[in-house]
Amino acid sequence: ITGPSYWRDEGATLTAVHRSFPQLLRMLRNVDAVHGAYYVIMWPLVHAFGSGEVVTRLPSVVAMAVAAAAVAATGRRLVSPGAGLAAGLTFAILPEVSRYAQDARSYAMVAAFGTVASYLLVRAIGTSGRRRGWLAGYAACMAAMTLLNIFGVLLLAAHAVTVGLACLRKDDRWRSLAALRGGRARAARSLALGWLAAVVVVVIVASPALVGGVSQRSTAGWIRPLGEQTFVQLSQLVGTWQLIAACGAVIALGVAVSALHGRARLRAAWPAQLPALTVPWIVLPPALLISVSFAQPLFVNRYILYCLPALALLVGAGLAVLGRIAGPAALVVIALLGLGTQLAVRAPDGHTDNIRGVDRIIVQQRQRGDAVLYFGQDANYFTAAYPYGLVQLDNIAQDKTAAQNDMLVGTTLPVDVVQQRLAHISRVWVIDATGYPKSRYLTGLHVHRLGAWRLDKIWLVLYRLKRV
């Protein structure tokens with residue numbers, strides 16, 4: 001959990017929660033309302049136990065563990081104990097699950113609430129008695145999921161299909177509908193109305209985040225328009241192409257082997273409620289997010305991380321069909337195919353940015369009186385990551401801090417004022433999170449480059465200012 005350095009988004013989390021609680025609430029009126037619930041959860045943890053990686057990332061670890069357990073429970077309920085166990089293990093060994101289990105952002109919690117909500121929906125559909133309690137729990141989980149990230153609301157569309165298919169079924173696979181012909185319509189109507197009532201509760205409870213997200217949609221300008229990289233991002237959500245092919249092969253082999261043993265075996269190993277839950281879950285959230293992105297780019301694969309449990313459920317069912325020898329062997333193959341990515345995400349730069357490495361360079365090279373200049377909004381988040389390095393330097397271009405500005409970043413002074421300040425220092429660090437920095441503040445000044453360091457996408461350059 002302490003292997004990879006904080007990255008820019010985790011720096012944004014720390015920038016938000018390091019301020020006082022009233023300052024945090026004021027900030028959320030201006031920016032990042034979509035992450036507001038997560039910041040409110042993290043604020044007391046950071047102020048009580050500090051902002052070390054174990055403290056800030058542990059909630060995500062716990063959340064992913066809960067998600068894995070919920071995957072296993074859902075597979076057990078829908079198919080068999082063996083399928084449930086295999087599905088839970090499959091989910092746990094997917095590289096992106098590990099990646100976001102050690103990330104101080106909301107995505108692991110979103111995945112956990114979405115998976116638990118799906119399990120509770122299965123229980124609500126499958127109960128032969130009163131389902132009000134299951135649907136109440138379902139509504140609570142979906143509301144929490146949407147409060148943590150508004151794109152969680154897309155899972156409701158998938159669940160609408162699942163509920164609709166359950167209402168249309170004419171056999172006893174969904175046990176709540178296993179009634180005589182006269183009672184089947186009443187059961188279907190009860191299920192549909194109960195689920196719709198839960199949806200109304202979800203929308204009402206999550207409305208602050210939904211309204212805030214829509215009103216602040218201009219802050220998503222950093223998201224790239226749809227293109228070839230969209231499909232690359234979709235594939236990266238699962239892992240390498242080899243890993244995707246292995247998962248697909250397990251599902252296809254599982255269906256084929258079951259079919260060879262007859263229709264009864266096929267129905268037992270792949271009950272209709274399994275695809276009714278998982279296929280809409282896999283397809284609809286990404287499809288809807290991509291569709292909306294034609295109007296305004298919003299597609300980022302981590303926003304639909306919560307779709308991975310559905311894939312794990314299908315793979316788990318396939319592994320269970322393959323048997324006690326071939327099934328575990330296939331699971332080992334899947335684990336090995338993801339091993340390279342698993343190791344990569346645990347490296348110091350495994351989360352894209354090695355901010356820790358930047359801070360360590362500064363600790364080694366810093367001299368008293370050094371200043372720093374930041375370029376690109378993301379670079380401004382780096383200061384909050386660690387209590388050494390960048391935070392020890394004078395941000396010479398800063399006017400207001402992020403907390404004073406009620407935003408995630410502060411404000412900067414005019415170029416001429418910064419150049420006047422530079423006249424009184426001898427060394428300045430320049431940092432850019434996007435490429436080699438070209439500082440407008442240094443234009444026309446006499447400078448000598450003392451050193452330059454590149455840590456993946458981050459450039460760090462140290463200059464000495466010459467006196468004329």
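The values are calculated or read from the model by the stated rules, or taken from the named source; none is laboratory data. These figures come from a predicted structure and were not determined experimentally. Cβ placement follows ideal geometry from the backbone for every residue including glycine, while neighbour counts extend to all protein chains displayed. Keep in mind that these areas ignore ligands, DNA and RNA; they rest on the heavy atoms of the full protein, side chains included. Shrake-Rupley method; radii C 1.70, N 1.55, O 1.52, S 1.80 Å.
If a residue has to be among the aliphatic types (A, V, I, L, M) and open to solvent by less than 40 Å² (accessible area, probe 1.4 Å) to count, how many in segment 336-351 make the cut?
Count: 2.
Identify, from the list Met109, Met145, the residue that is under 13 Å from Ala67 (Cβ atoms), open to solvent by less than 10 Å² (accessible area, probe 1.4 Å) and in contact (Cβ under 8 Å) with a residue 24 or more places away in the chain.
Met145
Considering only segment 427-442, how many residues are open to solvent by 30 Å² or more (accessible area, probe 1.4 Å) and either at pLDDT 85 or above or in contact with a helix residue (DSSP H, G or I) (Cβ under 8 Å, 6 or more places away or on another chain) (or both)?
So the answer is 3.
For residues in segment 249-286 being small (Gly, Ala, Ser), in a helix (DSSP H, G or I) and open to solvent by less than 40 Å² (accessible area, probe 1.4 Å), which is nearest to Arg76 (Cα to Cα)?
Ala269
How many of the residues in segment 228-259 are closer than 23 Å to Glu96 by Cβ, free of Cβ contacts under 8 Å to residues at least 12 places away in the same chain and touching a helix residue (DSSP H, G or I) at 6+ places or on another chain (Cβ under 7 Å)?
Selection size over segment 228-259: 3.
If the requirement is being assigned to a strand (DSSP E or B) and open to solvent by 20 Å² or more (accessible area, probe 1.4 Å), which of these qualifies: His448, His424?
The unique qualifying residue is His448.
So which residues in segment 125-139 are in contact (Cβ under 8 Å) with a residue 24 or more places away in the chain and either open to solvent by 50 Å² or more (accessible area, probe 1.4 Å) or assigned to a helix (DSSP H, G or I) (or both)?
Residues satisfying the conditions are Ile125, Gly126, Ser128, Arg132, Leu135, Ala136, Tyr138, Ala139.
Taking segment 352-382 as the search range and keeping residues that are β-branched (Val, Ile, Thr) and at pLDDT 95 or above, which one is most open to solvent (accessible area, probe 1.4 Å)?
The qualifying residue most open to solvent (accessible area, probe 1.4 Å) is Val363.
Across segment 427-445, what is the total count of residues that are of a type in the set (D, E, K, R), assigned to a strand (DSSP E or B) and under 25 Å from Asp349 (Cα atoms)?
1
Only one of Pro225, Pro208 is in a loop (DSSP other than H, G, I, E, B), touching a residue at least 60 places away in the same chain (Cβ under 8 Å), closer than 30 Å to Ala37 by Cα and open to solvent by 30 Å² or more (accessible area, probe 1.4 Å). Can you tell me which?
Only one candidate passes the filter, namely Pro225.
Name the residue, out of Pro95, Pro81, Pro59, that is under 30 Å from Gln273 (Cβ atoms) and under 14 Å from the mean Cα position of the chain (by Cα).
Pro95
How many residues does segment 371-400 contain that are of a type in the set (Asp, Glu) and without any contact (Cβ under 8 Å) to a residue 60 or more places away in the chain?
Count: 2.
Can you tell me which condition Asp406 does not meet? The list is (1) at negative phi; (2) in contact (Cβ under 8 Å) with a residue 60 or more places away in the chain; (3) not basic (Lys, Arg), and all the others hold.
(1)
Would you confirm, using the coordinates I've provided, whether Gln404 is at pLDDT 90 or above, polar (S, T, N, Q), open to solvent by 60 Å² or more (accessible area, probe 1.4 Å) and over 24 Å from Leu24 (Cβ atoms)?
No, not satisfied.
Given the conditions (1) acidic (Asp, Glu); (2) in contact with a Gly (Cβ under 8 Å, 6 or more places away or on another chain); (3) closer than 21 Å to Thr352 by Cα, and given that Asp456 satisfies all but one, which numbered condition is not satisfied?
The single condition Asp456 does not satisfy is (2).
Have a look at Val315, Val321, Val332 and point out the one that is closer than 25 Å to Ser258 by Cα, aliphatic (A, V, I, L, M) and in contact with a Cys (Cβ under 9 Å, 6 or more places away or on another chain).
Only one candidate passes the filter, namely Val315.
Yes or no: Tyr381 within 30 Å of Ala117 (Cβ to Cβ) and part of a helix (DSSP H, G or I)?
When the stated conditions are applied, Tyr381 does not pass them.
Among the β-branched types (Val, Ile, Thr), open to solvent by 50 Å² or more (accessible area, probe 1.4 Å) and under 30 Å from Gly213 (Cα atoms) - does that describe any residue in segment 156-165?
yes
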